[in-house]
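Trainee: One structure follows; several queries about it will come next.
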Amino acid sequence: MKKVKEANLFLLCRLFRKNIDVYYQKLKEINIMKIRYILTLIVAMASISVCSQKSKTQTMENKDLYIGMSIDEFKQIYPNLKSTKYQKTESFTRKETIYGIDGKWYYEFKNSKLKWFKFDNYISEINQQNFDKCLKATQEITANFIKKYGNPISTSGNQKFRDPFKDHHWGYEVKKTVWKANNVKIKVEFYFMGSKGEYNFIIKIDFHDKNYEY
């Protein structure tokens, strides 16, 4: 009788251990699934963040703007921008980062019609690194516009960095590209401005009427 009890106890212990092993295995599988789920969420959120950042910094806005549009149309696109008024002119500004370059867009309306708009940026720290940064951004913008507006009507510039503190100069045009498309004159320019010992790197994007002289 004693041996039977011991045998039954042994079987119960084995059954209990087996159930414990199954429980831990299931728990392990559940934890692995949770970890995979969490990792998937992290990767997805990171991807969304990167895409959002690219959209913010590299896709230049203004896609719905055109020379001659009404100020009411403009306010539907940018309803929260404040303006300054002078006689028949009303101007707006907004900040944007384009290919790593922080700058501002300027919009000028005359008689409630969009006369011109432009982006510009000034960098006063003159060195090779900032020169290369500005040149790369200008090249990216130019490539973007070639896809959108086709081949330019003119290109010019000297894309080599000249350190004005070692090789004195009065500034020069680094890269300028001009298009005429959809009755608009478009210019992308990286200019090394110099005057009286003061220097700046300037990137400009201009949209004017097709007959604009400059």
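Trainee: Tabulate in residue order the Karplus-calculated ³J(HN,Hα) for the range 165-180, using 6.51 cos²θ - 1.76 cosθ + 1.60 with θ = phi - 60°, rounded to whole Hz; enter x for Gly and Pro.
Mentor: Values, residue by residue: 8, 10, 10, 4, 7, 10, x, 6, 7, 7, 8, 9, 9, 10, 10, 10 Hz.
Trainee: Packing-wise, with mean Cβ within 10 Å as the measure, how do 146-157, 88-99, 196-207 rank, highest first? Please list the in-between numbers first.
Mentor: Numbers: 146-157: 12.3, 88-99: 15.0, 196-207: 17.2.
Those peptides, ordered most packed to least, come out 196-207, 88-99, 146-157.
Trainee: Counting only Cα atoms, I'd like the Rg/Rh figure for the range 91-195, Kirkwood definition for Rh. Write down the numbers at each step before the final one.
Mentor: On the way: Rg = 15.2 Å, Rh = 15.2 Å.
The Rg/Rh ratio comes out at 1.00.
Read the figures in this text as sums done on the coordinates, not as results from a lab. As the structure is a computational prediction, the values presented were derived from the model and not from experiment. Quick reminder, even Gly has a Cβ in these numbers, built from the backbone with ideal geometry, and neighbours come from all protein chains shown.
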